[in-house]
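The values are calculated or read from the model by the stated rules, or taken from the named source; none is laboratory data. None of the values given here were measured: they were computed from a predicted structure. Here the Cβ is made from the backbone with ideal geometry for all residues, glycine too, and neighbour counts use every protein chain on show. These accessible areas exclude ligands, DNA and RNA; they are computed on the full protein's heavy atoms, side chains included. Shrake-Rupley method; radii C 1.70, N 1.55, O 1.52, S 1.80 Å.
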Amino acid sequence: MNIFLLLVYGVVNLVFVVLVSPLFISLIKKVKARAQRRQGPPILQTYRNLVKLLKKETVYSENSSWIMRATPLVNLAAILTASLFVPLLVVPEPTDLIGNIILFLYLLALAKFFMALAGLDAGSVFGGMGSSREMAILALFEPVIIVVFAALAFAYKTVNIPDIFRGALASNVLVNPVMILIAASIFIVIIVESARIPVDNPETHLELTMVHEAMILEQSGKNLAMLELSSAMKQTLLMGVLINTLIPWGLATDFSAPAILFSLALFLVKAVVLAVAIGLFESSCAKYRLFRLPGLFAFALFLSIITLIIEVFA
Amino acid sequence: MLQALFPYSVALFFVGSILPLLADKPNESKLLRQAALACTAVASLLILALSIETIFSSQIYNLLIYQITPQFQFSFQIDKLAAYFLGLVTVVSIAVSIYSFQYIEHYSDERRKNLTVSLMGCFILSMILVIASFSMFSFLFFWELMALFSFLLVMVDHEKKETRKAGMFYFVMTHLSTLFLLFAFLFIYVQTGTLNILAVRADPLITSIAFVFLFLGFGIKAGIIPFHKWLPYAHSTSRSNISALMSGVMIKVAIYGLVRYILLLPLQTWWGMLILSMGTVTAVLGVIYALKEHDIKRLLAYHSIENIGIILIGVGLYIIFTLSGLQAVAFLALAGALFHTLNHAIFKSLLFMASGSLVNATGTRNIEEMGGLIKRMPKTALLFLIGAVSISALPPFNGFVSELMIFQAFMQSFALANPFLELLLIIALAIFALVSALAAACFVKAFGITFLALPRSHEAKEAKEPPKLMLLGPAVLALMCALLGVFSTQIFSLFGYTLPLPNMLFIGVVLAGFYAFAFLAMREVANRKERIAETWGCGILSQNAKMAYTASGFSEPIVTILKGIFRTQKKCEHTFHDPKNAVFKEGKAEIHLLNFFEERLYLPVAEFVQRVSSKIDKIQRGDVDLHVACAFVTIVISLLIIWWFG
């Protein structure tokens, strides 16, 4: 294991995730706006929003405690750590320091745990309702996530994400029906985890959709910027998991600049296509009632269990 | 070398237990109590030291005290497994002793305080002796003592009706457990002529019978569902230092028995499947019941049930994988189960002690009446938060590492030969994931409603931080939560095990590094201006505590989604002034939660026993002659049976 290369990998991956994530957020917004025959925000709007938030003062509720102050930092730290786990451009040499699937998922859970606490901190009804629903959705969706990732682990006989990507590169993925099923499940994971229609609506915090946006309603200024950025990064990471397991071609395995640049260009193309697909998917369905979600989750669980069964009996 | 100290530390426990009973005057009794608690802590420390030495040196310590016959002897043996569990017991009892120094003074009755301290020493000692027991005879003897001492400790506040109910439940259930163990040991004795489990023949039927008895015996004590009902009662009504010991440690002694005795038998796959299924059901129902609980101590008690389920999942996986020839994965599963046993002991005792401070400060166990305590009891809040993060299995704390081991064992089961077994594992895995996430949801509720937002009662508003030692006790355990998590890889390799786990030290450092980086970057880049304002309430001018979210509100979505399991019945009755039901007169609405196990399982059995015993009762009321006649007939019948079969 080459420490230097690992460091290069970490820096490249981190910088790329941080820089590119807001792009997909605006892109999906743009696609949704176009689907509604609106102009939509400019493609750089999310970056501008983040800069604007950083320039604003931070408002804390008089009821809130240090949980409110620590949460954005914990959140960002957890997601930054998690972004070491999903190679987007170049797969690092095998190492046991990073890449454990379960650790990756639980880093996301750590972020969510603190976000839910912060939702309760100010004593506002919005925040409480958001936290309560977010945790309910998290809890009911967790079996799906774990089984999907177990299916991935089964398929490539490893619990390490970079190793899975390497396995995907070496095999012909598209002719494998299992991978297509897994891809469908991961797509659902992206939708749920980034709080999108039909589970939640990222545009609003009004009554019908009081989940994620309601939970962070009390956040402002730099804290809100950190939370927005980490949500965007989480979405990119999950998109990366989907892209690099279903269509990994072009993912660099050596650390030469041309290979990485080629991989970067190709990843951007693939991710833009995926973002457009997410936008279209969101536009094409209506928000579910909260208590209809278990049905959707049961469907996703069914899909992922079928995948595992095919793998086991094959 | 340290092992020779074992008898002395046992003696020290005795001294500690007797001291408080010698007290006459109030002022000297406080001193004696503290001396007693110090004895308990020091003796625990000695045993902790000798058990760590035993794990390192792999030397087995033997001690024979008294022998009735070679089969029935009081003999002790400390090997690696026993030493591990001794370490677990003593770590917690040191922290609980420190905590009890000041916790116990919160109550008023002097005699009762003395008695509690004395019994607590006996209780800890009996748990240590159960674990150290070599012969089955002494195991069972101290097992029963452990049950009796803990029963007496539950009954300390016996004038409360709630306590008497809890005590009764506990007394019956714990004796059911002893009874099954007695059956198991007698069965082994009848089969082999010895009390040595290794002598049991590898006949599938015989070993299975022994297994079922042992599993029932240990399972009842560990609180697996459906034998769990005593646990939330006993652990919530007893004093918090006792709850910490019972929930943190005593149910782990049952896990010790399970691992010690069952894993020595020639294993069979269906045992693994049974333990795995029971573990899964226990874990998921435990956490689901915990979600609707608003009594902080009952909530924690239900989480103990959940965690026992998780430990059993690990043990079940071990049996399945061992018999499938997957030794490495099997080892990972068992190591996960054992590590989770230790971790749960630590964070559960921590949480119980912290909740004891909460209950003392607010005078209630209902979290709906708390709120806003993070500002009034910041240190207790931090300790509780560390416990909550650990039990929710979030990295980099210890609960995460042990659950990770079990998750990883599930995910590495690809080489399993039997696909149907694999199917069982997939279902168990999905449920295990659900359990782990529901636990996180439940602790967001427990911490958020208790400590955040505004105080919901006058008592909560006036709450004060507990005295120093009541913080130090849990703080020791909180530190261990962090250390056992972050340094897990190093600790495993220190004891000579290399497991395919991520290096949590690296993750911890990276997390802390990114936290610091984000903090500094924000200070440099962002606007530093801050403003304190009111919580936004859609234009409402003054917010009050009634508007903050409640615990019932928080768990409502999950309770509604899982209403099939909770069996909530909503009843609405209306009466009207006019025949057309237009003018409303009065109405009654109630939500009834069906205690499924209590109403459908426990009470019917209890009624049956009551009926039978009331019939037998008639004979008992008769005079002495009738008794003598009965005894005579019994002897004659026994002799006839012996003559017939002999």
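Report, by residue number, each residue of segment A:121-141 that is open to solvent by less than 10 Å² (accessible area, probe 1.4 Å), in a helix (DSSP H, G or I) and at the interface with another protein chain (Cβ under 7 Å from one of its Cβ atoms). Correct list: A:ASP121, A:GLY128, A:SER131, A:SER132, A:MET135, A:ALA136, A:ALA139.
Just one of (1) touching a Pro at 6+ places or on another chain (Cβ under 6 Å); (2) without any contact (Cβ under 8 Å) to a residue 24 or more places away in the chain fails for B:ASN114. It is (2).
Please go through segment B:265-276 and give me each residue that is buried (at least 17 other Cβ atoms within 10 Å of the Cβ) and farther than 12 Å from B:THR207 by Cα, ordered by number.
Residues of segment B:265-276 buried (at least 17 other Cβ atoms within 10 Å of the Cβ): B:265, B:267, B:271-276.
Matches in segment B:265-276: B:GLY272, B:MET273, B:LEU274, B:ILE275, B:LEU276.
Can you tell which of B:GLU462, B:GLU556, B:GLU534 is closer than 30 Å to B:ILE242 by Cβ, surrounded by fewer than 21 Cβ atoms within 10 Å (Cβ to Cβ) and of a type outside the set (A, V, I, L, M)? From the options B:GLU462, B:GLU556, B:GLU534, the qualifying one is B:GLU462.
Only one entry of A:LEU174, A:LEU108, A:LEU103, A:LEU169 meets the criterion of being on the phi < 0 side of the Ramachandran plot and at the interface with chain B (Cβ under 7 Å from one of its Cβ atoms), and that entry is A:LEU103.
For (1) facing chain A (nearest Cβ under 7 Å); (2) farther than 27 Å from B:ARG600 by Cβ; (3) under 32 Å from the mean Cα position of the chain (by Cα), each residue gets a yes or a no:
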{"position": "B:ASN527", "(1), (2), (3)": "yes, yes, no"}
{"position": "B:ILE540", "(1), (2), (3)": "no, yes, no"}
{"position": "B:ILE558", "(1), (2), (3)": "yes, no, yes"}
{"position": "B:LYS570", "(1), (2), (3)": "no, no, no"}
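Restricting B:GLY496, B:GLY485 to those that are open to solvent by less than 10 Å² (accessible area, probe 1.4 Å), of a type in the set (Gly, Ala, Ser) and more than 10 Å from chain A (Cβ to nearest Cβ) reduces the list to B:GLY485. Is it true that some residue in segment B:441-458 is away from chain A (no Cβ under 13 Å) and either out of contact with any His (no Cβ under 6 Å at 6 or more places or on another chain) or more than 30 Å from A:ILE309 (Cβ to Cβ) (or both)? Yes: one or more hits. Scanning segment A:111-120 turns up one or more residues that are facing chain B (nearest Cβ under 9 Å), assigned to a helix (DSSP H, G or I) and over 21 Å from B:LEU454 (Cα atoms).
Check segment B:321-335 and report whether any residue there is within 30 Å of B:SER97 (Cβ to Cβ) and either in contact with a helix residue (DSSP H, G or I) (Cβ under 7 Å, 6 or more places away or on another chain) or more than 12 Å from chain A (Cβ to nearest Cβ) (or both). Show your work before the answer.
If we filter segment B:321-335 for residues that are within 30 Å of B:SER97 (Cβ to Cβ), which is where we start, we get B:335.
From what is left, the residues that are either in contact with a helix residue (DSSP H, G or I) (Cβ under 7 Å, 6 or more places away or on another chain) or more than 12 Å from chain A (Cβ to nearest Cβ) (or both) are B:335.
Yes, there is a match, as at least one residue in segment B:321-335 is within 30 Å of B:SER97 (Cβ to Cβ) and either in contact with a helix residue (DSSP H, G or I) (Cβ under 7 Å, 6 or more places away or on another chain) or more than 12 Å from chain A (Cβ to nearest Cβ) (or both).
Within segment A:260-284, if we keep just the residues that are open to solvent by less than 40 Å² (accessible area, probe 1.4 Å) and over 17 Å from the mean Cα position of the chain (by Cα), the residue that is farthest from A:ASP200 (Cα to Cα) turns out to be A:ILE260.
Quick grid of which residues meet (1) in a helix (DSSP H, G or I); (2) open to solvent by 20 Å² or more (accessible area, probe 1.4 Å); (3) over 22 Å from A:LYS112 (Cβ atoms); (4) in contact (Cβ under 8 Å) with a residue 60 or more places away in the chain:
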site: B:HIS344; (1), (2), (3), (4): yes, no, yes, yes
site: B:SER357; (1), (2), (3), (4): yes, no, yes, yes
site: B:PHE407; (1), (2), (3), (4): yes, no, no, no
site: B:ILE426; (1), (2), (3), (4): yes, no, yes, no
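A quick yes/no check of all residues on (1) small (Gly, Ala, Ser); (2) in a helix (DSSP H, G or I); (3) buried (at least 22 other Cβ atoms within 10 Å of the Cβ):
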{"position": "B:LEU115", "(1), (2), (3)": "no, yes, no"}
{"position": "B:MET146", "(1), (2), (3)": "no, yes, yes"}
{"position": "B:LEU152", "(1), (2), (3)": "no, yes, no"}
{"position": "B:ARG164", "(1), (2), (3)": "no, yes, no"}
{"position": "B:MET168", "(1), (2), (3)": "no, yes, no"}
{"position": "B:PHE180", "(1), (2), (3)": "no, yes, no"}
{"position": "B:ILE188", "(1), (2), (3)": "no, yes, yes"}
{"position": "B:THR194", "(1), (2), (3)": "no, no, no"}
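Can we say A:LEU97 is assigned to a loop (DSSP other than H, G, I, E, B), open to solvent by 10 Å² or more (accessible area, probe 1.4 Å) and facing another protein chain (nearest Cβ under 7 Å)? So A:LEU97 passes the test.
Would you be able to say whether some residue in segment A:226-246 is open to solvent by 10 Å² or more (accessible area, probe 1.4 Å), in contact with a Lys or Arg (Cβ under 7 Å, 6 or more places away or on another chain) and β-branched (Val, Ile, Thr)? No, that holds for no residue. Here segment A:61-78 is the region considered, the condition is being in contact with a helix residue (DSSP H, G or I) (Cβ under 6 Å, 6 or more places away or on another chain) and hydroxyl-bearing (Ser, Thr, Tyr), and the residue that is nearest to the other protein chains (Cβ to nearest Cβ) is A:SER65. Of all residues in segment B:504-525, those satisfying the criterion of being at the interface with chain A (Cβ under 7 Å from one of its Cβ atoms), under 30 Å from B:ALA482 (Cα atoms) and open to solvent by 40 Å² or more (accessible area, probe 1.4 Å) are B:PHE506, B:TYR515, B:PHE519. Here is the figure for segment B:309-337: residues that are surrounded by fewer than 24 Cβ atoms within 10 Å (Cβ to Cβ) and either within 20 Å of B:GLY223 (Cβ to Cβ) or of a type in the set (Gly, Ala, Ser) (or both) total 5. Does B:GLY539 satisfy the criteria of being in contact with a Pro (Cβ under 6 Å, 6 or more places away or on another chain) and either part of a loop (DSSP other than H, G, I, E, B) or of a type outside the set (A, V, I, L, M, F, W, C) (or both)? Criteria not met by B:GLY539.
With respect to B:SER58, determine if the residue is closer than 22 Å to B:PHE495 by Cα and crowded, with 22+ Cβ neighbours inside 10 Å. I'd like the intermediate steps shown before the answer.
Details: closer than 22 Å to B:PHE495 by Cα: yes; crowded, with 22+ Cβ neighbours inside 10 Å: no.
No; evaluated as a whole, the condition is false for this residue.
Taking residues in segment B:250-264 that are free of Cβ contacts under 8 Å to residues at least 12 places away in the same chain, and partners anywhere that are surrounded by 23 or more Cβ atoms within 10 Å (Cβ to Cβ) and among the basic types (Lys, Arg), not one pair has Cβ atoms closer than 7 Å while being at least 6 places apart or on different chains.
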